[in-house]
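Single-structure report; data block below.
The values are calculated or read from the model by the stated rules, or taken from the named source; none is laboratory data. All values derive from a computational prediction rather than experimental measurement. For neighbour counting, all protein chains shown are included, and Cβ atoms are generated from backbone atoms with ideal geometry for every residue, glycine included.
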Amino acid sequence: MPRSAGSPGKAPGSRALARRLCPRLDEDWLLVADRNFYNRAHWCAAADTGAALLWRVKADLTPPVLEILPDGSFRSVLISPKITGKARQRLIEAARCGQEPDTGKARCVRVIEYEIPGREGEGKGELIGLITTITEQAEAPAVVLAEGYHQRREHETGNDQLKTRLRGPGKVLRPRSPDMARQEIYGYLLTRHAISASICQAATEADVDPDRVKSTRTVRIIRRAIAPAAFPPEPPGQARAAITADITRKRHRNPERRHRTCPRAVNRARHNSYRVKKPSDTSTRHEAPPTIVLVNLPAAA
């Protein structure tokens, strides 16, 4: 884990590294971030790109409630911590009346708070708070956003597919210079991107969830297709269609998603509140996906 950039010789922290990527965001993107990434400067830098944001925040952030919406979310405003007292209250009242605040002083957001009851290993009884730049519930209802955030950990599967399945477990980069090592890393990233695009295209055409397409099997199919020097070579379109059809064959699909939860623990002791994983810690399987219960539901009329 990179350490914070507080003194000479220290590598930049993950938040500082993430901040450098903000200029790469596009307006049609949705950026999801965990609670350790939020601070107002990072939020503003990402929001200024025009991308939609859906970030979890810590419990000590208590944005004011301006209006509770029918889907259980509520409109709020993030005010600069430098503004306090009566000036802060004036900004809240102005935002409650529908006035657009100065972005240098405050930002309009929508807040979703929910729980996941009865699921060991998922923070049982924990209130999860999300803030988003999508202020209109018609564009994305609160439950949809909560479910989307809940699946954020799927990127870990992509990391495993890149580092373990594609590169190979324990394999060391071959170059001995930083420039060549960077070139090889980009080679792996581009290859992984091409494989993911092939999986998504094949799954869309076969009308199946991309999660059910086996990544390792796809790599082998593509390798077999491009390794031999066929003569005469097949037309590119025909070869691509054959690969796409082979990727989504029934025997190459994963079974239906298995819903599991794991105890919240770490492999090694770190400076956080999580305990060290025990040999007895095993995952728990569930028959259905988690039930998300919104907290701030409006009172019945």
Residue among 116, 199, 195, 131 that alone is assigned by TED's automatic domain parsing to the domain that holds residue 32 and modelled with pLDDT under 90: 116
Failed item, numbered, when residue 62 is tested on (1) without any contact (Cβ under 8 Å) to a residue 24 or more places away in the chain; (2) crowded, with 20+ Cβ neighbours inside 10 Å; (3) among the polar types (S, T, N, Q): (2)
Lone unmet requirement of (1) modelled with pLDDT of 70 or more; (2) under 19 Å from residue 154 (Cα atoms); (3) not aromatic (Phe, Trp, Tyr) for residue 258: (1)
Residue 167 exposed (fewer than 11 other Cβ atoms within 10 Å of the Cβ) and not hydroxyl-bearing (Ser, Thr, Tyr): no
So residue 69, is it surrounded by 18 or more Cβ atoms within 10 Å (Cβ to Cβ) and farther than 14 Å from residue 107 by Cα: yes
Count - residues of region 22-59 that are surrounded by fewer than 18 Cβ atoms within 10 Å (Cβ to Cβ) and closer than 22 Å to residue 96 by Cα: 2
